[in-house]
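Accompanying notes for the structure given below.
The values are calculated or read from the model by the stated rules, or taken from the named source; none is laboratory data. Quantities reported herein were computed from a predicted structural model and do not represent experimental measurements. Ideal geometry is used to build each Cβ from the backbone, glycine not excepted, and the neighbour counts take in all protein chains shown. These area figures cover heavy atoms from the full protein model, side chains too; ligands, DNA and RNA do not enter into them. Shrake-Rupley method; radii C 1.70, N 1.55, O 1.52, S 1.80 Å.
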Amino acid sequence: MENIEQEGLLSLSLAVVSDCGGEKSRKRKRTMLNFNPLNPYEGKIFHLLQVREEMLKLDHKRKGVVEEDGKGVHLIHLLLITATTVDENNVSTALENLRELYQTVSLIGNSVQRVVTYFADGLAARLLTRKSPFYGMIMKEPTAKEELTAYTCLYRVSPYYQFAHFTANQAILEAFEREYDVDNNGLHVIDFDLSYGFQWPSLIQSLSEKAAGGNRIFLRLTGYGRTLEELQETETRLVSFARGFQNLVFEFQGILRGSNSNLVHSRKKKNETVAVNLCFHLNNLINSSMISDSLKLVESLKPSIVIMVEQEGSRTPRSFLSRFMESLHYYAAMFDSLDDCLPLESAERLSIEKNHLGKEIKNMLSFDKVEDPMRCPRYEKNMETWRGRMESHGFVGMKLSSKCLIQAKLLLKIRNTHYCPLFGDGEGGWFRVFERDEGKAISLGWQDRCLLTASAWHCV
């Protein structure tokens, strides 16, 4: 917007949600409103964009306004009121509330200010159709490089992804050990969400350490990726890393997400253990039918173990407001946890929040917009909900070993020592790990909020 003149903005049109029907049968339509002197929203919309632009300039003088004025609770209250007015299609009041929010929040403020910034963006975008030029300004996607940088930063400073990957790898390694002998020295891992392949170097190293007496271990990795470029870069990194281990033979096969053309090559070979990795995969699918299809596919592979790691939440909120509340609690904990080891002025923190967490927030708030009605994933982020799904598709929960729990606690202790020794209490600062479901699951929490749960399954 910095390079767009006011006259250019006033020539653009936008779309505003118009509500028809009650809560049970809520249907939305968009009426295109052109900028003209008679448009009652013209001034409010343009002023809202101006206020948002000022906020994005990262004025350091605004830092700490919530702490100084004691308005943290007020800010959350105003956000919830704004969400209600947006859901009720009270456009005029929603725009006024959004303007007040943008005047108070800051990308370099405390965790409350920062998380509310991205929820405000999501609400503002929800008032617009995807065809609106303002929608594109608010929902601008990070570049592939920016996404990778944000992911890498979060991986390094937070136990979030490390907990998921190390716990999954330990369970996979133990499943392989149970079947491993001279004649069964192959492991085939099928990863349904490769995500740059950061999970697998530690498994490669662990397998190499297990190989002894000149017996080589064969690791075959089949991974689903979003783009060919991502798959090629991941393959290059992993193949290069694996070359350093002479007693391990590594093979990689990349498959574009949504493609089943090469699954015939993922069938079990003789003398190999098959493990399926479902870290952060199922809840990213767009509807229940796709979740069911994925689980049927996994069951057909007859793996020795299936690892699932998913975000935690309450029971399947279906309305917009219930989804909004659940997500606000979850991401408030995530933003708060970043304060544990990164300063407010940190470029890494800003990258994580803008290009990773912020992107997730805005996408969550807009995924049921009527332009693409099928892209409405069920918000199934509860361990009990996932347990029911897995059991209904022929899977039984497996007890995770004490090594998984010990390793997770050690991860928090190491992280607390190296990154934030002055914060929190106990071995992992304010992060904690604990067993659930009679030892069949292990969760990572921040203070009293559960963030992730890892569980293991096998076919009936």
### Query
THR143 fails exactly one of the following numbered conditions: (1) of a type in the set (Val, Ile, Thr); (2) touching a helix residue (DSSP H, G or I) at 6+ places or on another chain (Cβ under 8 Å); (3) surrounded by fewer than 22 Cβ atoms within 10 Å (Cβ to Cβ). What is the number of that condition?
(2)
### Scope region 221-245; condition under 22 Å from VAL309 (Cα atoms) and open to solvent by 20 Å² or more (accessible area, probe 1.4 Å); matching residues
ARG226
### Task
State the number of residues belonging to region 78-104 that are in a helix (DSSP H, G or I) and either open to solvent by 30 Å² or more (accessible area, probe 1.4 Å) or within 17 Å of ARG323 (Cβ to Cβ) (or both).
16
### Query
Which one of these does TYR135 not meet: (1) surrounded by 18 or more Cβ atoms within 10 Å (Cβ to Cβ); (2) at pLDDT 95 or above?
(2)
### Task
Just need a number here: residues in region 74-126 that are in contact with a helix residue (DSSP H, G or I) (Cβ under 9 Å, 6 or more places away or on another chain), over 23 Å from LYS57 (Cβ atoms) and touching a residue at least 12 places away in the same chain (Cβ under 8 Å).
13
### Message
Tally up the residues in region 286-302 that are part of a loop (DSSP other than H, G, I, E, B) and open to solvent by 50 Å² or more (accessible area, probe 1.4 Å), please.
### Response
1
### Task
Give the residue that is least open to solvent (accessible area, probe 1.4 Å), with candidates limited to residues of region 105-123 that are outside any helix (DSSP H, G or I) and polar (S, T, N, Q).
SER106
#### Entry: Conditions (1) touching a residue at least 60 places away in the same chain (Cβ under 8 Å); (2) closer than 17 Å to ASN277 by Cβ; (3) not in a loop (DSSP other than H, G, I, E, B); number of the one not met by ASP193
(3)
### Query
Is one or more of the residues making up region 208-220 under 28 Å from GLU147 (Cα atoms) and either among the charged types (D, E, K, R) or at pLDDT 90 or above (or both)?
yes
